[in-house]
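The values are calculated or read from the model by the stated rules, or taken from the named source; none is laboratory data. Worth saying up front: this structure is predicted, and the values here are computed from it rather than measured. A quick note on method: Cβ atoms are made from the backbone with ideal geometry, for glycine too, and the neighbour counts reach across all protein chains shown. In case anyone asks, the SASA skips ligands and DNA or RNA and just uses the protein heavy atoms, side chains included. Shrake-Rupley method; radii C 1.70, N 1.55, O 1.52, S 1.80 Å.
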Amino acid sequence: MIKVVKFGGSSVANSAQFKKVKDIVESDPSRKFVITSACGKESHEDHKITDLLYLCEAHVRYGVSHESIFNLVKDKYYRIKNDLGLVIDLDHEFEKIERQMERDLNRDFLVSRGEYLTGLCLAEYLGADFVDAADVIAFNYDGEINLDRTNELLERYCQSNNRLVIPGFYGAMPNGVIKVMSRGGSDITGSVIANIVNADVYENWTDVSGFLVADPRIIKNPIGIPCITYSELREMSYMGANVLHDDAVFPVRSKNIPINIRNTNEPSNPGTMIMDDCSEMDKIEPPRAVTGITGRKDYTCITLAKSHSSTEIGFLRRILSVFEDYHVSIESVPVTVDTFSIIVQSKAVDNCLYEIVNRLKKEVKPDDLKIEDHIALVAVVGRGMKAVPGASGRFLSEFGRNEINIKIINQTADELSIVVGVTNRDFEKAIKCIYDKFITEENTK
């Protein structure tokens, strides 16, 4: 068995976390490929290393002294080195970085040094081989990762019987110039490596024990989700449940490699398995009707009504093209016979709402047009819903019982999710009532 394991910033925030990582890695010989983020925060008062490096870059660019900020970066790594008794020559590494800053600053090079230095320290501490991501993660000039080229580059390192530590978040262009991914990109590095080595599992270690049924800021001690399908994950993450970088899914899903979200601070917890098909795990523990409850606030609903518009060819296209012209992404389009509602994030139309309304009036000449903002969307997601007769009706009646006014209803044909629009002020109340009815009550039966 081969496991690729990725550790997030909180997992390598200090020497104590390094020790936890070592215990986890050494407890399973199949954990051969180790991907690391840059050191994260030790406390609320601390700073992420990557944030400090971005700040350094801004200071250098505007000719402001960066010395005090860069010293914070140095102090972090010197503490880790001394606490763990490492022999890494940090003086030399920091000199190289400072020379680069003074000579010809490359922002991507600078901000990638957090992962690079963390990788060097972790490799020594684990007794593993360090592989610079610039030597194996290959980008095309268009910014896409070249999997074939990455495979060729990584192949020669895979001959080693030793563990490999690879920094996340960055790689190199064809000309050797460092390129970073979007924030959280270490998830992507781990996913790419898992794809290339045909891993049996991609373990993503962070500071939460997998996905939770609901946001712990709304529900006290929500239960965990033992298994979630990629389709459910997409529904939940799109609506705000973010544990994993969106772009980390495709490389492993294309090869049907499960992702296991685990907690570095609670390694005995099995966390959440993410896979295409949870049917085998469902035989052991049948899925609940509700896998997860999530959502977001601050949407705007624009509703147009026009008699006989349902028979007017191109009517909906003309509506949508107006939003496209203003580069506004549409979240949902609930439709009745002659009424069309367009749901968008409020911030997306803050500066152009009335221009859009005027265009809509001109293009489709509606009999009526209404705007309603301060809308929240609550998504109830669950592969088990289709096995529960009247599940949607039970959700809606629960809202009625709790005196929550429903503004919008949208359900997918595969019965994987139902999205309900409520007012912002009813958002938390809506999530609580669904959790109490479909999770808490079920647990007490």
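Brief remarks follow.
- Three-way shape call for the stretch 330-440 based on the alpha-carbon gyration tensor, with the a/c threshold at 1.5: prolate
- Note on the chain: dipole from Cβ charges, positive end direction compared against I261, I97, N161; the farthest Cα belongs to I261.
- Point-charge dipole on Cβ atoms (K/R +1, D/E -1) for the chain, about Cα centre, debye to 20: 740
- When the Gaussian network model of the chain links Cα atoms closer than 10 Å, the mean-square fluctuations of Q100, Q17, Q345 top out at Q100.
- Alpha-carbon centroid distance for the pair the stretch 93-155 / the stretch 181-198, whole angstrom: 14
- CD proxy at 222 nm, helix term only [per DSSP H run n ≥ 4: -39500 (n - 2.57); per residue of the chain; nearest 500]: -11000 deg cm²/dmol
- Nearest-0.05 FRET efficiency for I406 and K365, computed from C-beta distance (R0 25 Å): 0.30
- Counting only protein heavy atoms and a probe of 1.4 Å, the accessible surface of the chain is 47% carbon and sulfur.
- Degrees between helix 49-61 axis and first principal axis of the chain (Cα, 0 to 90, nearest 10): 80
- DSSP-assigned coil residues among GluC sites (Glu not before Pro) in the stretch 357-445, each with at most 14 further Cβ atoms within 10 Å: E403
- Tilt relative to the chain, helix 67-84 - C-alpha long axis, 0 to 90 degrees, to 10: 70
- Entry comment: accessible area of the stretch 108-243 is 37 Å² per residue, from protein heavy atoms only and a probe of 1.4 Å.
- Within the stretch 11-25, backbone nitrogen closer than 11 Å to the virtual label 7 Å beyond the Cα of D207 toward Cβ: 11-14
- For the stretch 14-122, applying the loop criterion from DSSP together with a ceiling of 11 other beta carbons within 10 Å to the chymotrypsin sites (Phe, Trp or Tyr not before Pro) yields Y62.
- Backbone N under 17 Å from the E398 label point (7 Å along Cα→Cβ), restricted to the stretch 187-215: 212-215
- 0 to 90° range, to nearest 10: angle between helix 353-364 axis and the chain longest Cα axis: 50
- A cut-off under 15 angstrom between Cβ atoms defines the neighbours of V180, and their net charge, with Lys, Arg +1 and Asp, Glu -1, is -3.
- Gyration tensor verdict on the stretch 96-190 (Cα atoms; rounded if a/c is under 1.5, prolate if a/b is larger than b/c, oblate otherwise): oblate
- Were the residues from D91 through S329 laid out at 0.36 nm apart, the gain over their Cα-Cα distance would be 80.8 nm.
- Where chymotrypsin sites (Phe, Trp or Tyr not before Pro) fall in DSSP loop in the stretch 173-228, at most 15 other Cβ within 10 Å: none
- All C-alpha to C-alpha distances of the chain, sorted into 10 Å bins beginning at zero, yield P(r) values of 4, 18, 24, 23, 18, 10, 2, 0 percent in whole numbers.
- Taking the Cα centre of the stretch 147-209 as origin and assigning +1 to Lys and Arg Cβ atoms and -1 to Asp and Glu Cβ atoms, the resulting dipole is close to 260 debye.
- Antiparallel bridges, percent of DSSP beta bridges restricted to the chain (to nearest 5): 60
- Each of V4, Y230, H59 was scored by the projection of its Cα onto the charge dipole of the chain, and the greatest displacement toward the positive side belongs to Y230; charges sit on the C-beta of Lys, Arg, Asp and Glu.
- Restraint check, K386/K437; K306/K365; K20/K74; K220/K437; K297/K362, Cα-Cα greater than 19 Å: K20/K74; K297/K362
- Leading residue at positive end of dipole, the chain (Cβ point charges), from S43, H308, A134: H308
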